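See structure below.
The values are calculated or read from the model by the stated rules, or taken from the named source; none is laboratory data. Please read these numbers as outputs of a predicted model, since none were measured by experiment. SASA here: full protein model, heavy atoms, side chains in, ligands and nucleic acids out. Shrake-Rupley method; radii C 1.70, N 1.55, O 1.52, S 1.80 Å.
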Amino acid sequence: MYSSTVTQFEEPPKKSNTEGSTAVSEPIPLPKEVPQGVQPLIWRNVVGIAILHVLAVHSFATNYKEAKFWTWIWSPMYGVMAGLGITAGAHRLWAHRSYSAKLPLRIFLAYLYCMAGQTCLYKWIRDHRTHHRFTETPADPHDASRGFFFSHVGWLMMKRHPAIKKYGTKVDMSDILADPVIQFADNPNDTFRYYTPIMLFLCFVLPTLVPVYCWNETWYISIHAVIIRYVWLLNATFLVNSFAHMWGNRPYNRLVKPTENPTVAFFTLGEGWHNYHHSFPWDYKAAELGAYSLNPTTAFIEVMSWFGLAYDLKTPKKEVIEKTCLKKGDGSNSLWGHHYNREEPLQKRH
Ligand SMILES: [Zn+2]
Ligand SMILES: [Zn+2]
């Protein structure tokens with residue numbers, strides 16, 4: 001039974017290697033000597049990202065309606081499975097260590113992650129830990145205080161701020177380097193990495209071939225379905241960095257920008273409860289209250305736990321969450337009905 005593997009903590013788990021695993025995380029001020037520097041545009045990325053988006057929107061608006069029935073099922077399902085590789089794998093398992101997974105599940109999650117076609121696992125995890133450790137400071141790779149466009153996609157179009165290199169490299173990644181699954185995929189100390197060929201095959205080649213050879217989809221539509229799914233998933237991931245750092249309530253900590261955003265939760269398999277997540281990054285649910293429809297990643301982890309593949313699921317005690325809300329929350333109602341009504345004036349920092 002999965003519940004026997006859930007541990008309720010009164011304080012952040014001490015052994016956690018997770019960056020930002022304080023009970024109430026706030027932006028950690030950087031030392032005074034933040035390196036300054038210009039961030040020139042990387043034109044190759046600007047043009048590449050623009051072309052991808054134009055292609056995806058154009059083909060969705062024109063030819064995609066002629067796709068065969070099974071392509072309509074296959075492509076979104078492929079996107080959901082790839083999304084789980086990011087949410088249950090890269091994010092909740094590796095970046096935050098909010099639960100533990102046996103080797104077969106770790107291999108499966110790495111496989112799903114490769115289907116998404118994002119940056120290699122090691123970099124994704126390091127960037128995310130850096131984001132939590134230095135939220136909305138120059139060392140945050142997608143610093144939301146620089147506006148919607150920058151935090152959504154602009155950060156990928158320019159050279160990184162020197163502070164990211166200076167402070168991001170100090171984030172502890174020893175647990176990640178010790179994982180043989182990550183070592184196989186993309187150990188940065190290796191001269192050859194398997195991640196790129198595996199990712200290219202699983203993200204682009206395989207999902208193009210299957211519709212063509214299994215139900216006679218046209219090459220044209222099959223290729224465009226892959227582009228649409230890829231761009232869709234990229235933007236779903238970006239939503240957490242932009243929308244969920246701007247619009248929504250802050251029931252757990254009104255002093256930080258991350259918000260509770262049900263729309264983002266819908267598009268990201270449950271990663272939109274971001275005010276909670278920045279307060280309790282080590283909770284495997286990444287949300288306080290349960291509704292699998294808006295948090296399928298939690299459902300996935302619990303099913304895996306039921307099969308004995310996931311264990312040591314971490315979550316805070318209810319009283320700890322309530323204390324946090326009373327102390328720091330904005331008194332707003334979260335999606336499922338929150339419990340408090342603060343009357344005292346709020347002192348927002350942002
Ligand atoms: Zn965030
Ligand atoms: Zn996180």
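Structural remarks
- Translational D in µm²/s for segment 280-334 (Stokes-Einstein at 37 °C, 0.692 mPa s, Kirkwood Rh from C-alpha pairs): 262
- Sequence of LEU269, LEU309 from largest to smallest accessible area, 1.4 Å probe: LEU309, LEU269
- When Rg and the Kirkwood radius Rh are both evaluated on Cα atoms of segment 121-256, their ratio Rg/Rh stands at 1.05.
- Segment 53-172 shape via C-alpha gyration tensor axes, a/c threshold 1.5: oblate
- Its alpha carbons considered, segment 178-247 gives a radius of gyration followed by a Dmax of 16.5, 44 Å.
- Placing TRP94, TRP43, TRP215 in order of accessible area, with the largest value first and a 1.4 Å probe, yields TRP43, TRP215, TRP94.
- Probe 1.4 Å - accessible area at ARG97, Å² to nearest ten: 50
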